[in-house]
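One structure is given below, encoded as structure tokens.
The values are calculated or read from the model by the stated rules, or taken from the named source; none is laboratory data. None of the values given here were measured: they were computed from a predicted structure. Quick reminder, even Gly has a Cβ in these numbers, built from the backbone with ideal geometry, and neighbours come from all protein chains shown.
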């Protein structure tokens with residue numbers, strides 16, 4: 001059983017007619033019975049956002065890996081144009097990669113907030129995925145979930161079906177992910193591996209027992225004498241007899 005890495009999905013990236021328009025490379029795709037053109041020249045630096053991670057279980061159940069750290073920075077002057085064409089690229093990639101059931105592994109770790117997709121982009125992706133892809137999606141695994149991505153998904157509930165919400169699963173480490181799916185063909189970006197290592201290091205340090213604080217002897221308080229050795233207060237009668 002073989003598969004194609006996402007970088008090779010559209011061959012050498014040439015335009016359909018074998019030429020480039022305006023110095024750029026284009027690809028025409030059909031999504032939802034409508035024709036769209038993708039500016040491959042502009043999105044080439046971001047194509048690693050979606051890759052094929054092999055298969056799980058029996059048959060052709062594909063693992064689709066979405067690495068959010070490869071999304072463009074929202075401060076980019078062409079951000080909306082990039083996201084529009086990257087959106088078409090992601091949807092058309094699913095059409096090519098998915099034959100039967102599939103799962104999406106969303107790598108959220110090491111992604112600064114300025115690179116995370118907005119609600120409108122996620123909503124558009126969800127609405128343009130055809131019924132076959134929605135039905136065949138068996139699980140959406142979010143690795144290293146942040147407060148922000150949880151909030152985005154919570155706000156997105158009004159336009160996402162309950163069935164889809166129930167397919168979402170949060171995974172807090174790559175070790176936990178490895179217990180769910182085969183990892184030999186899953187491409188984990190270096191920044192995500194580093195993020196995982198930093199989290200593990202911080203967890204080990206927090207679990208390490210702290211040394212007890214021992215005060216210097218000069219600062220130790222003298223122990224109180226036992227009750228039987230304490231001198232009783234001198235009464236007035238005792239003072240009289242002593243004098």
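Things to note:
- Taking residues in region 30-48 that are touching a residue at least 60 places away in the same chain (Cβ under 8 Å), and partners anywhere that are buried (at least 18 other Cβ atoms within 10 Å of the Cβ) and in a helix (DSSP H, G or I), the pairs with Cβ atoms closer than 8 Å and at least 6 places apart or on different chains are 31/88; 31/91; 31/92; 48/6; 48/70.
- Qualifying residue in region 170-181 (condition: modelled with pLDDT of 90 or more, assigned to a helix (DSSP H, G or I), surrounded by 15 or more Cβ atoms within 10 Å (Cβ to Cβ) and touching a strand residue (DSSP E or B) at 6+ places or on another chain (Cβ under 6 Å)): yes
Table: residues versus (1) within 19 Å of residue 121 (Cβ to Cβ); (2) more than 13 Å from the chain's Cα centre (by Cα).
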position: 150; (1), (2): yes, no
position: 164; (1), (2): yes, yes
position: 175; (1), (2): no, yes
position: 191; (1), (2): no, no
position: 197; (1), (2): no, yes
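- Meets criteria (modelled with pLDDT of 90 or more, more than 19 Å from residue 56 (Cβ to Cβ), within 22 Å of the chain's Cα centre (by Cα) and part of a helix (DSSP H, G or I)) for residue 202: yes
- For region 7-30, filtered to residues that are touching a helix residue (DSSP H, G or I) at 6+ places or on another chain (Cβ under 7 Å), modelled with pLDDT under 85 and surrounded by 14 or more Cβ atoms within 10 Å (Cβ to Cβ), the residue that is nearest to residue 78 (Cα to Cα) is 13.
- Flag for residue 41 being surrounded by 13 or more Cβ atoms within 10 Å (Cβ to Cβ) and out of contact with any helix residue (DSSP H, G or I) (no Cβ under 8 Å at 6 or more places or on another chain): yes
- The residues in region 87-109 that are out of contact with any strand residue (DSSP E or B) (no Cβ under 7 Å at 6 or more places or on another chain) and modelled with pLDDT of 95 or more can be counted, and the count is 0.
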